[in-house]
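The numbers here are math on the coordinates, done by the rules we state, and not lab data. Please read all numbers here as calculations on a predicted model, not as lab measurements. With ideal geometry, Cβ positions are generated from the backbone for all residues, glycine too; neighbour counts draw on all protein chains shown.
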Amino acid sequence: MNHPETYKVPEFNVIGAQLNRLNYTETNHTLSYNLALNITLTNPNKKLFFKLTDTQVIAYHQNKRFGLVTLMDRQTSFDQNPNNSSVFNNAVIQGWKPMMFEEPVLPNADLYNIDVVIAFREKGGGLSGQVMCNLKLPLSFNGTTWNCYKTTKCSKVFYYYGS
């Protein structure tokens, strides 16, 4: 599938985030985490955007991947109308994972640097790519959230037009 020069790639933004848990146990080198995200997908084109499939959100702390969640797969994909946005509310990345960090994970830090990568693929082998969102989040207490009215625009990492 060839895309004309005027074709614009989909835009992803984080419009809200809540870091409910980020606990690191040094004795067994285990990270326990719970991160809830609200993400928008926007079609900036004047034509229908073809179905995105295999869209995943991957979370990193200190350049180490600690979790992921699938936003769309082949069964849940949909066409995105022109100049339209879809919202994915409460995409939760949670669990625990054995891992080692080069720097200490401070249990009471004011803000934690969390990098979120959104990887996607267009149905039929067309466009695929990744975008990165750099978040600075406090730990949430009693349901308080990071400034959900402040949108974090995700930067383009790479796009590839397949055959």
query: Taking H as built 1.01 Å from N, whose amide H comes closer than 5 Å to the amide H of Asn45, not counting residues under 5 places away?
result: Asn83
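Starting from 0.36 nm per residue, how many nanometres of slack lie between Leu111 and Asn84 once their C-alpha separation is accounted for? Write down the numbers at each step before the final one.
Details: separation 27, 0.36 × 27 = 9.72 nm, distance 3.27 nm.
Residue separation times 0.36 nm, minus the Cα-Cα distance, leaves 6.4 nm.
Which loop-located GluC sites (Glu not before Pro) does segment 16-125 contain, where loop means any DSSP state but H, G, I, E or B and the Cβ has at most 11 other Cβ atoms within 10 Å? Please report the intermediate quantities before stating the final value.
Working: sites: Glu26, Glu102, Glu122; in loops: Glu26, Glu102.
Counting only loop positions with at most 11 other Cβ atoms within 10 Å, the GluC sites (Glu not before Pro) in segment 16-125 are Glu26, Glu102.
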Gain in span if fully extended, Lys156 to Leu68, counting 0.36 nm per residue against the direct Cα distance: 29.8 nm
- prompt: Of the labelled options (1) 20.2; (2) 10.3; (3) 14.3, which one gives mean projected area of the Cα convex hull in nm² as computed for this structure?
  reply: (2)
query: Hey, what did the chain get for relative contact order, percent, Cα under 8 Å, at least 6 apart?
result: 30
query: Which residues in segment 89-124 place their backbone N less than 13 Å from a point set 7 Å from the Cα of Asn28 along the Cα-to-Cβ direction?
result: 96-99
- prompt: Just how large is the dipole of segment 43-129 about the Cα centre, in debye to the nearest 20, putting +1 at every Lys and Arg Cβ and -1 at every Asp and Glu Cβ?
  reply: 440
task: Starting from the amide H of Thr53, placed 1.01 Å from N in the peptide plane, find each other amide H under 5 Å away whose residue is 5 or more places distant or on another chain.
output: Arg121, Glu122, Lys123
- line: Here the residues of segment 103-131 lying in the modelled label zone of Thr76, meaning backbone nitrogen under 17 Å from a point 7 Å along Cα-to-Cβ, are 117-123
query: For the pair Gln94 and Lys47, how long in nm is the line joining their label points, each one 7 Å along Cα→Cβ?
result: 4.2
statement: Magnitude of the Cβ-charge dipole (Lys and Arg +1, Asp and Glu -1) of the chain about the Cα centre, nearest 20 debye, reported as 400
